[in-house]
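The values are calculated or read from the model by the stated rules, or taken from the named source; none is laboratory data. Just so you know, these numbers come straight off a predicted model, no measurement behind them. FYI the Cβ positions are ideal-geometry reconstructions off the backbone, even for glycines, and counts take in every protein chain you see.
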Amino acid sequence: MTADEQQLCAVRVRARDLVLVRGLWCEVTSLRLDRYPTGGAVVVLGFTAGRPLRVPAHRLVRVVRR
């Protein structure tokens, strides 16, 4: 992890952050909170390219703030 990178809970991610997804840095353009059918919280991250990603709200993700 470099000095610019942070590990944050998915619920703390903001628009314009870069998130590491499967080895690639992706810019977040949108995000929303949702629920699993079982009631657990999930964050849906939208990116400039590719499909949205559903991440459990408590999951740690690598982020670079912009």
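State the number of residues belonging to region 3-21 that are modelled with pLDDT under 95 and under 20 Å from Gly50 (Cβ atoms).
0
Glu27 - would you say it is touching a strand residue (DSSP E or B) at 6+ places or on another chain (Cβ under 8 Å) and farther than 15 Å from Leu53 by Cβ?
Taking the combined requirement at face value, the residue does not satisfy it.
Under 8 Å by Cβ, and 6 or more places apart or on different chains, what pairs join a residue from region 26-50 that is without any contact (Cβ under 8 Å) to a residue 40 or more places away in the chain with one that is among the acidic types (Asp, Glu)?
Glu27/Asp17; Val28/Asp17; Ala41/Asp34; Val42/Asp34; Val43/Asp34; Val44/Asp34; Phe47/Glu27; Thr48/Glu27
Can you say whether Val11 is farther than 13 Å from Arg65 by Cα and either surrounded by 11 or more Cβ atoms within 10 Å (Cβ to Cβ) or aromatic (Phe, Trp, Tyr) (or both), as far as the supplied structure shows? Give the derivation first.
Working: farther than 13 Å from Arg65 by Cα: yes; either surrounded by 11 or more Cβ atoms within 10 Å (Cβ to Cβ) or aromatic (Phe, Trp, Tyr) (or both): yes.
Against the criterion (farther than 13 Å from Arg65 by Cα and either surrounded by 11 or more Cβ atoms within 10 Å (Cβ to Cβ) or aromatic (Phe, Trp, Tyr) (or both)), Val11 qualifies.
Looking at region 30-42, is at least one residue touching a helix residue (DSSP H, G or I) at 6+ places or on another chain (Cβ under 6 Å), assigned to a strand (DSSP E or B) and at pLDDT 95 or above? Step through it out loud before you land on a result.
Residues of region 30-42 that are touching a helix residue (DSSP H, G or I) at 6+ places or on another chain (Cβ under 6 Å), as a first pass: none.
So far as region 30-42 goes, no, none of its residues is touching a helix residue (DSSP H, G or I) at 6+ places or on another chain (Cβ under 6 Å), assigned to a strand (DSSP E or B) and at pLDDT 95 or above.
From the list Arg62, Arg51, Arg32, pick out the single residue that is of a type outside the set (Asp, Glu), in contact with a strand residue (DSSP E or B) (Cβ under 6 Å, 6 or more places away or on another chain) and exposed (fewer than 11 other Cβ atoms within 10 Å of the Cβ). Show your work before the answer.
Details: Arg62 fails: exposed (fewer than 11 other Cβ atoms within 10 Å of the Cβ); Arg51 fails: in contact with a strand residue (DSSP E or B) (Cβ under 6 Å, 6 or more places away or on another chain).
The match here is Arg32.
If you take the residues of region 28-53 that are in contact with a Cys (Cβ under 9 Å, 6 or more places away or on another chain) and of a type outside the set (A, V, I, L, M), which of them is nearest to Val11 (Cα to Cα)?
Of everything passing the filter in region 28-53, Phe47 is nearest to Val11 (Cα to Cα).
Residue by residue through region 10-66, note down the ones that are within 8 Å of the chain's Cα centre (by Cα) and of a type in the set (Phe, Trp, Tyr).
Listed by number, the list is empty, since nothing qualifies.
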